[in-house]
Amino acid sequence: MDKIPNQLSNAERLDWLRLIRSENVGPITFHRLIERFGTAARALDALPDLAKKGGGKRIRIAAKAAAEEELAVAADMGLTIIAKGEDNYPPMLAHTEDAPPLLTAFGHLPLLRKKAFALVGARNASLNGLRLAEKLTSGVGSAGFLIVSGLARGIDAAAHESALDTGTAAVVAGGADIIYPKENTELYGRIKERGVIVSEMPAGTEPKARHFPRRNRIISGISRGILVVEATQKSGSLITARFAAEQNREVFAVPGSPLDPRAQGANALIKQGAHLVQTAEDIVEILSGLFQHQLKEPQPIENIDVYSTELDESEIESARNQVRKLLGPTPIAVDELIRRCQMSLAVVATVLLELELAGRLERHPGNQVSLLGEI
């Protein structure tokens, strides 16, 4: 059986859900565990021992009953749970290093298979910014692109409204059943009926500040490019643009007056090399050129199947000491760590997995890691 099946059985879906809901298991760790053990069931069995070897205490593993209840709640409300590798999982998102193993979604799921483009911007947008967002969205959507945004007030809402006829996806920070902000209740209903609403969080999850950056990396990950229309220097839109650049997506921005704080973020992106946009044709021309070629995402060094041979426990023990000495609070690239250790990729990856499950390692974009606390 493939490690990432095209369609999960009911038992596999339950195991996947338990694994991703277990303590210290994020998307990257989830994929490492599947690579290492082949199935989520075997990974669940291995979690306690891995966490212990990493120096952690007892790890909390999601209970089978809790996972069964989550699946039942989703089914009752008509919420579909899509696994990575299944037909309606967004193809571009699947190639990101921290792709969510499971997405929850309402609406017309086949829309997620379309080529996609994201549009984000200021919540307190100007009237001109809103009109431009609507015009650009309409043009790009009419060219065959699914329009992706975050259901926030302002630019996001304008983008969704304008793309209802051509196809839009709202990626939300909380559960897919939670409407936020409440002022977008009617828009949420129209998107649920005519578009698609997506989240990686369990149903019923109220959005918190820490959830929004995670939401933003899904918005950019689904899309081949992202456009920023009005954004301050410290806005969430710039976080989404940064994720887009790290995911090798095209970044576009609409220039504005240097006297308007809402234009500073987009102007800064243009200075950094983002495509300057005045019309929808500016976007479509660049994206159409990209889609003429087969797209292949760069594979991070640690995404290679490194567990094809049996690992030597004595070599792993030696690597534990070296890796712990080299790690610190400042992020370091995994491939640099491997070079410094002069150990195999499989061995270093195993040590990092142990540390992460022990709650002592943090992963960062760009396949970087750092230490949490003292070891």
One would report the antiparallel percent of DSSP beta bridges in the chain, rounded to the nearest 5, as 40 percent
Please give, to one decimal in nm, the separation of the simple spin-label points placed at residue 124 and residue 142, each 7 Å out from Cα toward the Cβ.
3.4 nm
Taking the simple approach of a point 7 Å from Cα along Cα-to-Cβ for both residue 23 and residue 290, what is their distance in nm?
4.1 nm
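How much length, in nm to one decimal, is gained on full extension between residue 65 and residue 364, taken as 0.36 nm per residue of separation minus their Cα-Cα distance?
The span from residue 65 to residue 364 would gain 104.4 nm if fully extended.
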Which of the trypsin sites (Lys or Arg not before Pro) across region 203-269 are loop residues per DSSP, with 13 or fewer other Cβ within 10 Å?
208, 210, 234
Could you list log10 I(q)/I(0) for region 308-354 at q = 0.20, 0.29 Å⁻¹, which the Debye formula gives when each Cα is one point scatterer?
-0.58, -1.18
Order by protection proxy (mean Cβ within 10 Å, highest first), peptides 144-157, 48-61:
144-157, 48-61
Grab the DSSP H runs of the chain that are 4 residues or longer, score each as -39,500 (n - 2.57), total them, divide by all residues and round the 222 nm result to the nearest 500 deg cm²/dmol.
-13500 deg cm²/dmol
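Calculate the all-directions average of the projected area of region 105-291's alpha-carbon convex hull, and give it in nm².
Details: hull surface 37.0 nm².
It is 9.2 nm².
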Residue 10 paired with residue 234, simple spin-label distance in nm, labels 7 Å along Cα-to-beta-carbon:
5.1 nm
Which whole-percent values make up P(r) of the chain when all C-alpha to C-alpha distances are grouped in 20 Å steps starting at zero?
29, 54, 17, 0
Spelling it out for residue 152: with amide H atoms placed in the peptide plane at 1.01 Å from N, the residues 5 or more places away or on another chain with amide H under 5 Å from its amide H are 157
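Assuming R0 = 45 Å, what is the FRET efficiency of residue 41 and residue 185, from their Cβ-Cβ distance, to the nearest 0.05?
Result of the calculation: an efficiency of 0.65.
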So, R0 is 41 Å and r is the distance between the beta-carbons of residue 260 and residue 165; what FRET efficiency does that work out to, to 0.05?
0.85
Under the Karplus curve 6.51 cos²θ - 1.76 cosθ + 1.60, θ = phi - 60°, whole-Hz ³J(HN,Hα) for region 204-210, x wherever Gly or Pro sits:
x, 6, 6, x, 10, 3, 5
Normalised contact order of the chain, rounded percent, pairs of Cα under 8 Å and 6 or more residues apart:
17 percent
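All of the numbers you see were taken from the coordinates with simple rules; none came from a lab. Note that the structure is predicted; figures quoted are calculated from it, not measured. Virtual Cβ from ideal backbone geometry, glycine too; neighbours counted across all protein chains shown.
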